[in-house]
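Take a look at the structure below.
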Amino acid sequence: MAKKVVIIGASGHGKVVADIVIQSGDQVVGFLDDNPNLGKDFIGFPVLGKIDQFHNYEEYWFVVAIGNALIREKIVTQLYGIRWYTAIHPAATVSDIGVFIGEGTVIMANAVINAGSFIGKHCIINTGAVVEHDNRIEDFVHVSVGVKLAGTVHIGKRTWIGIGASVSNNLSICFDCMIGAGAVIVNNIEEPGTYVGVPAKRKNVNEDTIFS
Ligand SMILES: CC(C)(COP(=O)(O)OP(=O)(O)OC[C@H]1O[C@@H](n2cnc3c(N)ncnc32)[C@H](O)[C@@H]1OP(=O)(O)O)[C@@H](O)C(=O)NCCC(=O)NCCS
């Protein structure tokens, strides 16, 4: 039976999540969003109200479509007693061998999740990203468009791997990192921070602009 889904976050990412819900044969009930400038509908679906009105829709499934990991985590913590929808695009390739995907995670078109990989809760595995075998991806991680994670990689909680970055096999990246667009990771990363370049090095940037 089709699931009826409320999407939190009426944004570009929310549009893509709505598309996955529909392509999966499920139904979009509407969006919850705190933006006061939104009209009555967003991409043809009702804007149902602010996020704190979630309890009016408790009979439905929920997914948080907000890219920022800290905000995603905060919202998930505030919403109690609801069911989380896991959005997997039908054109994603997910191995049947030993893969676990946590609730509320979004896996976009042409992403590949290979055998033995564990993906935590409320992650985003973006369009065309490759998660090779035996990865462990903790909660609230965002693996951006076209990222390549080689085999047996560990990504810590809330870390964001930027578009087109690559991580070599058997490496670990700790929690709360930003890996810049196109970076190549060839060593373990043990301290939270921003890492850019080939091979990637730590760079001091204003992290408020990244994580806010
Ligand atoms: C790393 C990043 C977060 C830094 O953003 P920022 O704080 O706004 O940084 P700035 O653009 O002010 O750049 C600061 C410095 O870092 C350098 N830099 C920024 N991003 C870089 C990258 N990806 N690779 C190499 N150098 C980079 C800039 O050239 C600049 O160098 P300088 O100090 O020598 O002039 C951002 O550039 C990035 O890569 N974002 C990824 C976005 C993404 O993947 N989106 C996908 C969504 S699916």
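Quick one: of the DSSP bridges fully inside the chain, what percent are antiparallel, nearest 5?
Bridges in the chain that DSSP calls antiparallel: roughly 10 percent.
Provide the per-residue ³J(HN,Hα) series for segment 43-59, in order, calculated from phi with Karplus coefficients 6.51, -1.76, 1.60 and θ = phi - 60°, each as a whole number of Hz, with x at glycine and proline positions.
6, x, 10, x, 8, 7, x, 7, 4, 5, 8, 3, 5, 6, 10, 4, 6
By how many nm would the segment from ASN56 to LEU70 lengthen if fully extended, with 0.36 nm per residue of separation less the alpha-carbon distance?
2.6 nm
Using the Cβ atoms and a cut-off under 15 Å, what net charge is assigned to the surroundings of ASN170, where Lys and Arg are +1 and Asp and Glu are -1?
-1
Checking the cross-link filter: which aspartates and glutamates have an alpha carbon closer than 16 Å to that of LYS201, excluding same-chain neighbours under 8 positions apart?
Once the sequence-local aspartates and glutamates are set aside, what remains near LYS201 is ASP176, GLU190, GLU191.
Share of Cα-Cα pairs in segment 163-211 beyond 12 Å, in percent?
Counting pairs separated by more than 12 Å, the tail of P(r) holds 58 percent.
Please compute, for the alpha-carbon atoms of segment 88-199, the extent along each of the three principal axes and give them in descending order in Å.
The Cα atoms of segment 88-199 stretch 33, 22, 19 Å along the principal axes, largest first.
Work out, step by step, the length gained on full extension between ILE22 and LYS201: first 0.36 nm times the residue separation, then minus their alpha carbon distance; give nm to one decimal.
Extra length available between ILE22 and LYS201 comes to 60.4 nm.
How far, in nm, would the chain grow between THR77 and ALA109 when pulled straight, counting 0.36 nm per residue and subtracting the alpha carbon separation?
Between THR77 and ALA109, full extension yields 8.8 nm more.
Have a look at the DSSP beta bridges in segment 4-85 and tell me what percent are antiparallel, nearest 5.
Roughly 15 percent of the DSSP beta bridges within segment 4-85 come out antiparallel.
Is the shape of segment 4-85 rounded, prolate or oblate, going by the alpha carbon gyration tensor and its root eigenvalues a ≥ b ≥ c, with a/c under 1.5 for rounded and a/b larger than b/c for prolate?
It is rounded, given that a/c, with a ≥ b ≥ c, falls under 1.5.
Need one number: nm distance between label points at GLU190 and ASP41, each 7 Å from Cα along Cα→Cβ, rounded to one decimal.
5.6
Could you please state, rounded to a whole Å, how far the C-alpha centre of segment 83-148 is from the C-alpha centre of segment 4-63?
21
What residues qualify as long-range amide H neighbours of ALA183, i.e. H under 5 Å apart, gap of 5 or more or another chain, H built at 1.01 Å from N?
Distant-sequence amide H within range of ALA183: ALA165, SER166, GLY197.
Might you report the magnitude of the Cβ-based charge dipole of segment 4-85 about its Cα centre, with Lys and Arg at +1 and Asp and Glu at -1, to the nearest 20 debye?
80
May I ask which residue of GLY193, ILE75, LEU48 lies farthest towards the positive end of the charge dipole of the chain, with charges of +1 (Lys, Arg) and -1 (Asp, Glu) on Cβ and the Cα centre as origin?
Projecting each Cα onto the dipole axis, the largest value belongs to GLY193.
From the square roots a ≥ b ≥ c of the eigenvalues of the alpha-carbon gyration tensor of the chain, which class results: rounded (a/c under 1.5), prolate (a/b over b/c), or oblate?
Taking the square roots of the gyration eigenvalues as a ≥ b ≥ c, the chain is prolate.
State which entries of LYS4/LYS121; LYS15/LYS50; LYS4/LYS157 exceed 27 angstrom in Cα-Cα distance in the structure shown.
Going by Cα-Cα distance, LYS4/LYS157 fall outside the 27 Å limit.
For the chain, what does -39500 (n - 2.57) per DSSP helix run (n ≥ 4), summed and divided by total residues, give at 222 nm, in deg cm²/dmol to the nearest 500?
-3500 deg cm²/dmol, from helical runs alone.
Values quoted throughout were computed directly from the atomic coordinates according to the rules given, and no laboratory measurement underlies them. What you see is a predicted model, and the numbers here were worked out from it, not measured in a lab. With ideal geometry, Cβ positions are generated from the backbone for all residues, glycine too; neighbour counts draw on all protein chains shown.
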